[in-house]
Structures are given as structure tokens and as C-alpha cells.
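J.: Input: one structure, supplied below.
Read-outs: derived from the displayed coordinates by stated rules, not from any lab. Bear in mind the structure is a predicted one, so any value in this text is a computation, not a measurement. No Cβ is skipped: glycine too gets one built from the backbone with ideal geometry, and neighbour counts run over all protein chains shown.
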Amino acid sequence: MAKNSIHCRLVTPSESLLDAEVVYASIPAWDGLFGVQANHAPLLARLGLGELRLDFPEGEDGSRSYLVDEGFVQIVDNTLTILAEKAIPAERLTVQEAEAALREAEARTLPDDAPDRAASLQKISRERRRAELALRIAKSHRGKGI
């Protein structure tokens, strides 16, 4: 293991997406972004909706991004474990699909008979934010061969 790296695992309920050394991770927590490097203090945090960016040691894969939503992050013994409810690699996101999801999210309205209006509005808003983020990530990583 390189001295300036931290071991990183990214796992969802359906698959293990990554098990590798990274030199830096930019993590979207529920209350904002935070960065992680080697020998970070132990931490447990709630994962939010956002772009997870992982930078690999020099001479390896450069960096990789994921759209993540909900879960937990743990750092202990120079190991970063990201348990995400949803995680989509940037290379799997397409502009066309993201634009379609955004149009669908923007067209969604609150039903008149919604039992919990506040929760329904929050869900609609979150779907819109997720679609906007997917579109931004798809556009920024398009054609980069990641």
C-alpha cells in the first residue's frame, strides 16, 4: 500500500463498485462536502445526494466519479468504506437519459389527494435534484473515457 493512500470500498445493496487505493476522496455528506486523505481520523458520517470523486495514485486510473444517494461513510484504520443506497459510475450516466429523467421530474406534480403533502413535495424535489445532478455529471464526464 502506498504511504499516501487510503483503502476505499464503495458498496451498494446490489453490488461492490470499487475496492482500491485512493489518494483523495471528495464525499457528499448530508450536510456538505468533505475530503478524505490517508491517515484520516476515524469518522462515521451520513452520505448525502451528490458527486463522489475518487482520485487514484499517480500512474493509475486518474480519478473516477459516481452519483451517490443516501447511505453511510466510515473511516477506520486507514480504510474508507462507503455504503451507498444508490451509486452510479459517471461513465454509466448518459446526457440523453439524464435529460429525460429531468423532464419527467419537472413534469411531476403533487396529487390533490396526497396523504402527506410535505413528504410528497420533498420526494419530488429530491428526484429533481438527483436528475439535475445526473445531467451535470454526465455532461462533465462525457468523452473523457473514464
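J.: What's the long-distance tail for segment 93-141, i.e. % of Cα pairs beyond 18 Å?
T.: On the way: 405 of 1176 pairs.
Counting pairs separated by more than 18 Å, the tail of P(r) holds 34 percent.
J.: Show me the chymotrypsin sites (Phe, Trp or Tyr not before Pro) within segment 27-135 that DSSP assigns to loop and that have at most 15 other Cβ atoms within 10 Å of their Cβ. Before the final figure, lay out the partial values.
T.: Numbers: sites: Trp30, Phe34, Tyr66, Phe72; in loops: Trp30.
In loop regions of segment 27-135 (DSSP not H, G, I, E or B), the sparsely surrounded chymotrypsin sites (Phe, Trp or Tyr not before Pro) are Trp30.
J.: State the extension gain, in nm to one decimal, for the chain segment bounded by Gln74 and Glu91, taking 0.36 nm per residue of separation less the distance between their alpha-carbons.
T.: Working: separation 17, 0.36 × 17 = 6.12 nm, distance 2.52 nm.
Gain in length upon complete extension: 3.6 nm.
J.: State, in angstrom, two size descriptors of the chain derived from its alpha carbons: Rg to one decimal place and Dmax to the nearest whole number.
T.: 16.8, 58
J.: Which angle between 0 and 90 degrees, to the nearest 10, do you get for helix 117-141 versus the longest principal axis of the chain when only C-alpha atoms count?
T.: Orientation of helix 117-141: about 50 degrees from the principal axis.
J.: Per residue and in Å³, how big is the convex hull formed by the alpha-carbon atoms of segment 6-90?
T.: Details: hull volume 6.5 nm³, N = 85.
Looking at segment 6-90, the number lands at 76 Å³ per residue.
J.: A further question follows. Could you calculate the FRET efficiency of Ser140 with Arg103 from 1/(1 + (r/R0)^6), where r is the beta carbon distance between them and R0 is 22 Å, rounded to 0.05? Walk me through the numbers before you get to the answer.
T.: On the way: r = 20 Å, r/R0 = 0.90.
That gives a FRET efficiency of 0.65.
J.: Among Asp55, Asp77, which comes first, then next, by fewest other beta-carbon atoms within 10 Å? All intermediate terms of the calculation are to be shown ahead of the outcome.
T.: Working: Asp55 18, Asp77 8.
Ordered by Cβ neighbours within 10 Å, fewest first: Asp77, Asp55.
J.: Please identify which residues in segment 14-28 have an amide N closer than 20 Å to a label point set 7 Å out from the Cα of Leu83, following the Cα→Cβ vector.
T.: 14-20, 27-28
J.: Cα axis of helix 95-107 to longest principal axis of the chain: angle in degrees, 0 to 90, nearest 10?
T.: Its long axis makes an angle of about 40 degrees.
J.: Here's another thing I want to ask about it. Please give every one of the aspartates and glutamates within straight-line cross-link reach of Lys3, meaning a C-alpha to C-alpha distance under 20 Å, and leave out same-chain neighbours fewer than 8 residues apart.
T.: Within reach: Asp19, Glu21, Asp55, Glu58, Glu60, Asp61, Asp77.
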